Each structure stands twice: as structure tokens, then as C-alpha cells.
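Each remark here refers to the structure printed beneath this line.
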Amino acid sequence: MQTKQYDIAIVGGGIIGLATGMRLAKEFPNLKTVVLEKESKVAQHQTGHNSGVIHAGIYYAPGSQKANFCAEGGRQLRQFCDEHSIPYEMCGKVIVAINDAEVPRLEELHRRGTANGAKGLEMVGPERLRELEPHAAGVKAVFSPNTGIIQFSKVSESYADVMRTHGGDISLGTRALSITRRDGRMFIETNTGTLSAKHIINCAGLHADKVARMMGVDIGVRAIPFRGEYFSIKPERAHLVRSLIYPVPDPRMPFLGVHFTKRITGEVEAGPNAVLAFAREGYKKTSFSLGDTMGMLSFPGFWRMSRTYWKTGFDEQYRSFMKGVFLRSLQTLVPDIQMSDLGEPGSGVRAQAVDRNGKLLQDFSIAETENAIHVLSAPSPGATASLTISRYIVDKAQTSFGLG
Ligand SMILES: Cc1cc2nc3c(=O)[nH]c(=O)nc-3n(C[C@H](O)[C@H](O)[C@H](O)COP(=O)(O)OP(=O)(O)OC[C@H]3O[C@@H](n4cnc5c(N)ncnc54)[C@H](O)[C@@H]3O)c2cc1C
């Protein structure tokens, strides 16, 4: 069989790989570009299991890539959706301080968000909070009118369609198994045959560090999988939540804390938490992969992270197994919620990049190596920011790969 030849191969058909593929196909029509995706459909992992929130850009440290990419990314995303008839709803969100001790952190979020370009943020008291979310309890809240909801798998499918329309290829059911360099090209062996590319863009999400290692590159970080578990709220009690109700997050942690999310489909979800998973795609409590677990345990950064965060990790595991504890976290935000209101469970798995020193990477992280770009970390709000992240990647590709 003849080896198919490409200029650029993107490994990973999640929202970041597809946004990048779409941009390359549109802006460089003379290049042959392919997205390789191991699943039979696009967006089956982080993108298809996320909370579906178009973030306004509130939380992120000023000057970080998250801060720089989120608000503008959300604007571009909405414009794309308008042009491609993808439904979304700007339902707004509240971040609720449940006691006076949380107020200074809430005020800091208001300052940060405003500095980051999140539009229309308002500090509100209990009365206005009751108007916005009649069942939420708190002493103060930040109201963000510019936060919305969407189905990111639909956005990804649309990016894929645009990419194909502009001549790009998307090869589904194609898993990159190994990569070798020869004569200035990279040969990617897959389950469906071998193809070659001059350049690779690694957008493999939970597997990004593995794909980098296939290229012989030690990028110094590991993707540690953290499962986010949630419950749907039974339809007859979904009125307890009008839009999105979030807690004030712990600033040391990259996750936002269990919250209530209305989905664009109308259901309400409560969660997700963040528990260590023993498989990169470990959607169930019982999921276990020996290879993934051994890989994690043999990474020094995992043990250093564990030493720092063992208490938080233990609390999260406890809350994961004790539904009553999960419920109590939810009741701090919406006291009327009861055990009988929690319906079907679900989950997503986040790729949390951890470096050798055990530091959790909070920001996006995109690195270059010879003829390759690696998206090492694209946590939330990566889906919201997919178009600004892809702009950054394609600009990098243009200079580093010398695209003309
Ligand atoms: C629980 C949860 C909630 C979140 N909530 C939000 C939110 O509300 N709003 C927001 O903006 N962001 C949110 N995020 C973050 C957002 O989902 C991610 O930033 C985004 O999906 C990352 O996209 P990706 O393309 O990098 O990764 P993925 O979507 O994980 O895509 C990577 C793809 O690579 C493929 N792949 C891996 N290895 C190979 C291989 N060897 N060969 C071929 N293909 C391969 C995988 O099958 C996968 O499809 C959330 C994430 C999670 C997990």
C-alpha cells in the first residue's frame, strides 16, 4: 500500500485539533492537512464530556494565556455559531460567596474578570441574587451576563465540516501508534496503515504526552487524568436552577468546584468533582488501565503532586464515594436540593498537566520541538477559547514550519 503524504498531520480530533485543522485548511489551501482521530467520531473525549459552558474569562491570572484567549475566544466562537447556525444561549452565571470569609476572593474575581475583558460583571447582594437564582443562597455574588451554554461536540462537527470543505482530510478510526523520523519527514504508523507528514501538531488531549514521547520528545509533563463526576437533576426539580450557579473556587486548585449547570438541551447537572482516575479515559469508578497507572506512578511529578495535595485528593475521593457528602457540597449553594433530586450520574475526564516538580499547570501550555507543535495542556476554558488557541498554534506553525 502506498504511504499517503501530507504537509501537516494533526493528531487528535477534539475541538482544538479540529479548530487548528479548519484554520490551516482555510488559510493554507495549498497544504495537504489531515486530522487523525482514533475514535469513529470526532469530539468523543474531553470535548464531548465537558460542561458546555462558554466562559466569559473571569477566573484567570491577568497576563496568562487563559486570560488573553478566553473572552476573545468566546466572542469568535459565538460569531462562528451565528454563521453556522449552531445553537447557544447566553444565560448568564452567578459565582456565589456562601459566607463573609469568601467575599474578598469573590471581589478579586470581579477585579480579575473585569481586567480580563469579561463584559458586564456585576457584584450583587442577596436580593439581586434571589431575583437571578431564587434558590441559591449566598451573602454576595458576581453576576456574569456574558456566560453562555452550548454543545461543544456540535461546534467540533462544524469545524470538521468546514475543514473538509476547504480540502482538509479527517481520518476517523485512525490511531497514531508510533512515529519515526526519516529523510526530513515523519512516518506515522497507525492501525489503518502508515502515512507521512513534514510536520505534526499534537492535539491528543489526555494522550498528548504519549504522542510527544512517540516522537522521541520528553516534554517534562504528564497528563494526569482527573475524572469529573456529576449527577443530572431530575426534570421535576430542574426549576431549582435557572442558569449556572458556581462556588468561589479554591485559588490553589485548577478546578472550579462542584457547581450547577443548565445544559443547552434543558437538563440541569450538578458537579463535576475532580477525582484521580486510574485510566486516561477512565469514565467509571472501576475504570483501570495498568499501562496508564504504571506510567503515572513512575513519574516523579505524580508523587510530588500527591505529597502537596493528598488532603484535597482524599476529600475528593471521599465525596466521590459518599453521595451524601456530594449532596452537602451542592446544598451549600442551593439548600433546597435533596438526595431524591439527584438523577443519572455521568462523568468527563480532564487531562491535568503536571510537571516533574509536581506543579499543576494552571495555564494553557503549547510547546515546539523539531517539526512539531504540542498542545501539552488545554484545560477549561479550552473549548471556549478553541478559535483563539488555534490562531496561536497556526501563527506558531507559520513561523516555525515556514509555511508560505
Ligand atoms: C469535565 C470537563 C468539563 C469541562 N468544562 C468546560 C467548559 O464548560 N467550557 C470550556 O470551555 N471548557 C471546558 N472543559 C475543557 C475542554 O473540554 C477542553 O479544553 C477541550 O475539550 C480540549 O480539547 P482537545 O481537543 O485538546 O482534547 P480532546 O477533546 O480530549 O481531544 C483529543 C483527541 O485526541 C484523540 N487522540 C488521542 N490520542 C490519539 C492517538 N494516538 N491517535 C489518534 N487520536 C488520538 C482522542 O481520541 C481525542 O478525541 C472541560 C473539560 C472537562 C473534562
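The values are calculated or read from the model by the stated rules, or taken from the named source; none is laboratory data. Quick caveat: nothing in here was measured; it's all calculated off a predicted structure. Cβ coordinates were reconstructed from backbone atoms using ideal geometry, including for glycine residues, and neighbour counts include every protein chain displayed.
Working only within segment 254-270, note down all residues that are modelled with pLDDT under 95 and touching a Ser or Thr at 6+ places or on another chain (Cβ under 6 Å).
Within segment 254-270, Val258 is the sole residue that qualifies.
With the condition kept exactly as written, say whether any residue in segment 34-49 is within 22 Å of the chain's Cα centre (by Cα) and more than 30 Å from His199 (Cβ to Cβ). Outline the logic, then answer.
Of the residues in segment 34-49, the ones within 22 Å of the chain's Cα centre (by Cα) are 35-49.
Imposing the further condition that a residue be more than 30 Å from His199 (Cβ to Cβ) reduces the set to none.
No, that holds for no residue.
Pick from segment 213-265 the residues that are more than 21 Å from Trp303 (Cβ to Cβ) and part of a helix (DSSP H, G or I): which of them is nearest to the ligand (Cβ to nearest atom)? Please lay out each step first, then the result.
If we filter segment 213-265 for residues that are more than 21 Å from Trp303 (Cβ to Cβ), which is where we start, we get 214-217, 228-251, 256-265.
Retained after the next criterion (residues that are part of a helix (DSSP H, G or I)): 214, 235-240.
Details: Met214: 8, Pro235: 21, Glu236: 25, Arg237: 22, Ala238: 18, His239: 22, Leu240: 20 Å.
Result: Met214.
Return the residues of segment 330-382 that are within 16 Å of the ligand (Cβ to nearest atom), out of contact with any strand residue (DSSP E or B) (no Cβ under 7 Å at 6 or more places or on another chain) and not aliphatic (A, V, I, L, M); say none if nothing qualifies.
The initial filter retains those residues of segment 330-382 that are within 16 Å of the ligand (Cβ to nearest atom), namely 344-354, 360-367, 372-382.
Of the ones still in play, those that are also out of contact with any strand residue (DSSP E or B) (no Cβ under 7 Å at 6 or more places or on another chain) are 362-363, 378, 380-382.
Across segment 330-382, the qualifying residues are Gln362, Asp363, Ser380, Pro381, Gly382.
How about segment 88-106: which of its residues are surrounded by fewer than 18 Cβ atoms within 10 Å (Cβ to Cβ) and closer than 19 Å to Gly382 by Cα?
Glu89, Met90
Could you list, in sequence order, the residues of segment 96-128 that are under 30 Å from Ser158 (Cβ atoms) and not small (Gly, Ala, Ser)? Before you say what the answer is, go through the steps one by one.
Here is the first cut: in segment 96-128, the residues under 30 Å from Ser158 (Cβ atoms) are 113, 116-121.
Once the filter is applied, which keeps residues that are under 30 Å from Ser158 (Cβ atoms) and not small (Gly, Ala, Ser), segment 96-128 yields Asn116, Lys119, Leu121.
Can you report the number of residues in segment 1-25 which are in contact with a Gly (Cβ under 6 Å, 6 or more places away or on another chain) and acidic (Asp, Glu)?
So the answer is 0.
Being touching a residue at least 40 places away in the same chain (Cβ under 8 Å), in a helix (DSSP H, G or I) and touching a His at 6+ places or on another chain (Cβ under 8 Å): is that true of Ala208 here?
Yes: the conditions hold for Ala208.
Tell me the strands (runs of 3 or more DSSP E) entirely within segment 85-196 that contain at least 2 residues that are within 30 Å of Arg328 (Cβ to Cβ) and away from the ligand (no atom under 16 Å from the Cβ). Walk me through it before giving the result.
On the way: elements: 93-97, 122-124, 140-144, 148-150, 169-171, 176-182, 185-190.
Ranges flagged: 93-97, 122-124, 140-144.
Mind listing whichever residues of segment 38-58 are near the ligand (Cβ under 6 Å from one of its atoms), under 25 Å from Asp363 (Cα atoms) and not hydrophobic (A, V, I, L, M, F, W, C)?
Hits for segment 38-58 are Gln44, His45, Gln46, Thr47, His49, Asn50, Ser51, Gly52, His55.
Go through the residues of segment 60-67 one by one and say whether even a single one is buried (at least 24 other Cβ atoms within 10 Å of the Cβ), within 15 Å of the ligand (Cβ to nearest atom) and not charged (D, E, K, R).
Yes, segment 60-67 contains at least one residue that is buried (at least 24 other Cβ atoms within 10 Å of the Cβ), within 15 Å of the ligand (Cβ to nearest atom) and not charged (D, E, K, R).
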